[in-house]
Each structure stands twice: as C-alpha cells, then as structure tokens.
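Presented below is the structure to which this report refers.
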Amino acid sequence: MCLITEKNPDGYLSAGEIPLPRLYISMAAIFFAAAVVWTYTLYSVFKIHWLMAALAYTKAVSLLFHSINYHFINSEGHPIEGWAVMYYITHLLKGALLFITLALIGTGFAFVKYILSDKEKKIFMIVIPLQVLANVSYIIIEETEEGASEYTLWREILFLVDLICCGAVLFPVVWSIRHLQEASNTDGKAAMNLEKLKLFRHYYVMIVCYIYFTRIIAILLELTVPFQWQWCQEFLVEVSTLIFFVLTGFKFRPASNNPYLQLPQDEEDLEMDEVITESGVLEGIHKVKKTSNGRERQREVAL
C-alpha cells in the first residue's frame, strides 16, 4: 500500500490559501484596534454601544483563531481539534452578535424607541435560529471533504439560510423608516425626525450593499479569478466587513450632535401615550401639560 502526501513547498495549503493565515491575523489586529478605539469613545452611551463593542472584539478573536487554525493546517496537514473548536465557537458567537446588533439598530432600539414591538420580536425569533443554523452548516462544510456528497448539499443550505437571514434584518430598518416618516408628518419635531429618517435610509443602503458584496460579488469573484488568487475573495470580504463596521460605528457614535442620540424631549408624553393606547378603558382621556410659559396645553389621544 502506497501512501501519497500532497504538499506544496511552503506547506499543506493550496496556492490560493497560503496567504490566508497572514491575512486573518492582520485583519484580527485591525479589528482589535478598531474595537479599542470604539471602546475609548464610549461615554454616556446606550447599552447597544457596548453590544457593538462586544461584536468587534468577538470578530477579532474569531479571526485570530481562524488564523491559528489555518496555520496548523498548513504545517501539520490537518487542524488541531482544540483550536478548531475555539474558532467554531467564536465564529458562531460572532454571527449571532452581528445579526442581533443589526436587527436592534434596524428597529431603532434605544435610538428611536425603547421597546420592541411584537413584529420585531418575531424577526428576532426567526433571524437568530436561522443564523445559528447557518453557522452550524458552515462548521459542517469546514469538516467535510469537497468530494463528499454532503458537501454540495450543506453549501447550498448555508447560502440559502444566510440570504434569508440577511433579508430578514432589512425588515426592521424598513419599519423604522416608515415609523419616522409617519412621525415627521404628525410630530412637532419634524426636523429631528427627518434627520433620523435620512440616516436610516443611508443605513438601509449600507446593509444592502454589504449583503450584496459579501454574498453575491464574493462568490462571483471566487468563480472567476485564477486559483492562486482565491484568497482575494476572503480579503475583500474582510475589508468590506471592516468598512461596514466603521461606517456603522461612525453613524451611531456617541456624540452630542448625532441625530440618532438626541433623546425625545417629552419622554413622559411617550410613556403616557403607550399606556393610554394599550388600554381601552381610558379611551377619550385627555392629557394636560403645562408649557414653559405657564399656560396649559391640552392634547387629545386619538384611538
């Protein structure tokens, strides 16, 4: 029996995968630096800002373990189980955190409103399990030989589930846009609502571009470039993810002049509106509030 070992002069990785360990460790350092900068800017912030910081750190750690995993594949010809498991855990956590963060920002949670509606909760119940399934599918693909019959099946399942997740996170953004558009027509603070509306539209375009580039363009690139340049697909995906993270952080940065973070001036009004709207017993109740000049202002709640 003859044992054949296939190996390149520099290791067991193919020509298109040889740069990947250095690529992943470099991107891990960049994401970690970006996470540190983001953490340094956090003052008087919402909880979602800390969730965004956790996502950036998790992404950096995931890339670090990914680099170590590829390093051992290149040197030993197979992954070391402990490092591979650590990578899969952080990859699974990163995927869940990414879509939770996108969905929370898309709903305007903490920026526009402070509770999630039933529709938005259903989105979370759909997106998170699907994202877990997509990550599990990815792990199965990583552990399956390309020639195996299950490889193609799980690859197609991963692509389909991932697209469904990406499409689902767009719905909260659309709802936030509609909410702000209606508020800008009826609320006295039209200028502030229009600013938020404009930024949410920009954010919607950002998500669409990010999904389109990382899911569609990257696959087309993988199919068209020569085999020794296959690593370019991973490079472009990681760079586009970094750009998306930076732009999202810039738009939602803790700053006094950021329209997202300008809290409503009448928080008590909003809370009372919610209570009155939820209870039919209180139908027809009027709320009276004194203005700054001492005169009384009456507002009727329409049900």
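The values are calculated or read from the model by the stated rules, or taken from the named source; none is laboratory data. Since this is a predicted model, take the numbers as computed values, not measurements. Here Cβ is always computed from backbone atoms with ideal geometry, including for glycine, and neighbour counts include all displayed protein chains. Just the protein is used for accessible areas: all its heavy atoms, side chains included, with ligands, DNA and RNA removed. Shrake-Rupley method; radii C 1.70, N 1.55, O 1.52, S 1.80 Å.
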Enter the accessible area per residue of region 115-157 (Å², integer; probe 1.4 Å; all protein chains in place).
-> 65 Å²
In nm, the gap between the two label points placed 7 Å beyond Cα toward Cβ at ILE217 and LYS122 is 3.4 nm
So, with points 7 Å from each Cα along the Cβ direction, the ILE80-MET206 label distance in nm works out to 3.8 nm
Restricting region 115-144 to trypsin sites (Lys or Arg not before Pro) in coil, as DSSP defines it, with at most 15 other Cβ within 10 Å | none
Take the Cβ-Cβ distance between TYR151 and ILE30 as r, set R0 to 30 Å, and report the resulting FRET efficiency rounded to the nearest 0.05.
-> 0.45
18 Å Cα-Cα threshold exceeded, pairs from LYS196/LYS251; LYS59/LYS198; LYS198/LYS251 = LYS59/LYS198
Just grab the label-to-label distance for PHE227 and VAL239, each label 7 Å out from Cα along the Cβ direction, in nm (one decimal).
-> 2.5 nm
Please work out the FRET efficiency for the pair GLU142 and LEU194, using the Cβ-Cβ distance as r and a Förster radius of 35 Å; give the result to the nearest 0.05.
-> 0.15
